[in-house]
Amino acid sequence: MGRTGFGDLEHGAIPTFYAAPPAPRTAPVGTPERPIPLIIDSDPGLDDALAIGLAVARPEIELLAVTTVGGNADVRHCTDNALRLLHAFGRSDIPVAEGAQGPLTGEVVRATAIHGEGGLGRTELPPSPATACPEGAVALMARLLEESPAPVAIAPIGPLTNIALFIRLHPDLLARISHLSIMGGSIGEGNTTTSAEFNVYADPEAADIVFRSGIPITMMGLDVTHQATLDAAAATRLRDLGTASGVIAAELVDFAIERVWQWYGGTTTAIHDAVAVAHLAIDDLVTVASYNVRVDTSAGPARGRTVCEGLGRRMTRYGLQPNAEVGIRIDPGRFEGLLVDAFGRLP
Ligand code: BDR
Ligand code: CA
């Protein structure tokens, strides 16, 4: 049996990177008595949809808003999807606001080959009675941060364009953000290019601004989200819940598995974005380690790579400070159970 950097991982991957030792999390976590106020910044998106459902369902989270960003699909589709998803999950009262259509600079990158042209595969949801807030994503975030009695966590689960714009426009409000639980990046390989994961590749300059911002960050990269998978049997569990939301989740998972099969010949799909949300609800679900994360913004083949340094000796030598906790391990069975339980709580 080969030795991996993670010792007891069973998925067979052999990390080609230095796996920093697990460290205690510093990210805040909600409880049913004191739910964590959360804004999800998202490009729904198959896995985004499950992440939003999880946030709505968990009593440890008070979902204040969903802001949208162009990513998996055109931002107009993403906004409409966010509205329809919240409506389907019984929470059309949660505000939605539209953000950036494309990256701060450079070409627009989409993931419609995986998520479908409209972002939600073949799933067609009834329209919501609600409409998007005219103030837009960044202004809504600012207002909610000003109004909230407690600091607010943000889960950016799409390209980081809106968050970077927020940092530039509202530096005075950054202290009101308790934590960024980001889905993006990778210690090891990417998924869009060999170097880069989709959310970072879609706007590397924005990601660079975010990782340099000094805001407390947890990065849920592919190293951990590729352990957080569902298969056809999990889709059946979701469908058999007997809830309309369970059927929606099952359809989205089935579509994702179909696309993964076509692209990579795999039979499971990673529910990347739900890991970033779950971390804010469940204290001990994800193991994290301390890293210095820098983003490659060059025009070369490493564009969008998150360069993650976890080796103390090298950090000292090059004067680097840890700026993120990075997810390294999750219990896949527990993760699946969490999602099935969540969609059983929704209408
Ligand atoms: C990320 O890219 C998107 O396609 C998913 O929604 C997720 O946020 C995974 O690389
Ligand atoms: Ca996403």
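The values are calculated or read from the model by the stated rules, or taken from the named source; none is laboratory data. Treat the numbers as computed from the prediction; the structure is a model and nothing was measured. Every residue, glycine among them, receives a Cβ derived from its backbone with ideal geometry; neighbour counts consider all protein chains shown. Just the protein is used for accessible areas: all its heavy atoms, side chains included, with ligands, DNA and RNA removed. Shrake-Rupley method; radii C 1.70, N 1.55, O 1.52, S 1.80 Å.
Region 205-258 and region 88-147 have Cα centres spaced 17 Å apart. Available extension along the chain between Glu147 and Ala302 is 51.8 nm, counting 0.36 nm per residue and deducting the alpha carbon span. Its convex hull of Cα atoms gives region 119-164 a direction-averaged projected area, equal to a quarter of the hull surface, of 4.9 nm².
The label point for Arg76 and the one for Arg168, both projected 7 Å from the Cα toward the Cβ, are 2.5 nm apart. Net charge within 9 Å of Asn323 by Cβ-Cβ distance, Lys/Arg positive one each and Asp/Glu negative one each, not counting Asn323 itself? Within the 9 Å Cβ shell, the charges total +2.
Coupling constants for region 275-281 follow from the phi torsions by the Karplus curve (6.51 cos²θ - 1.76 cosθ + 1.60, θ = phi - 60°), and in residue order they are 5, 5, 6, 4, 4, 8, 10 Hz; glycine and proline get x. Using the Cα gyration tensor of region 39-181, with a ≥ b ≥ c the square roots of its eigenvalues, what is the shape: rounded (a/c below 1.5), prolate (a/b larger than b/c) or oblate (neither)? Note, shape of region 39-181 comes out oblate.
The accessible area of Leu120, taken with all protein chains in place and a 1.4 Å probe, comes to roughly 10 Å².
Here the label points at Ala233 and Thr31, each 7 Å from Cα along the C-beta direction, are separated by 3.6 nm in the simple model.
Here the calculated FRET efficiency for Thr131 and Gln101, from their Cβ-Cβ distance with R0 = 22 Å, stands at 0.75, rounded to the nearest 0.05. Calculated translational diffusion coefficient of region 22-345 (25 °C, 0.890 mPa s; Stokes-Einstein with Kirkwood radius over alpha-carbon pairs) equals 128 µm²/s. Between the exposed loop cleavage positions of the chain, defined as GluC sites (Glu not before Pro) in a non-H, G, I, E, B DSSP state with at most 14 neighbouring beta-carbon atoms within 10 angstrom, the longest gap is 136-347. Counting only DSSP beta bridges whose two residues both lie in the chain, roughly 40 percent are antiparallel. In plain terms, if you count all Cα to Cα distances in region 231-321 and split them into 10 Å steps from zero, the share in each step is 14, 23, 31, 21, 10, 1 percent. Sequence-ordered 3J(HN,Hα) estimates for region 162-171 from the Karplus curve with 6.51, -1.76 and 1.60 and θ = phi - 60° stand at 4, 5, 5, 4, 4, 4, 6, 7, 10, x Hz, glycine and proline given as x.
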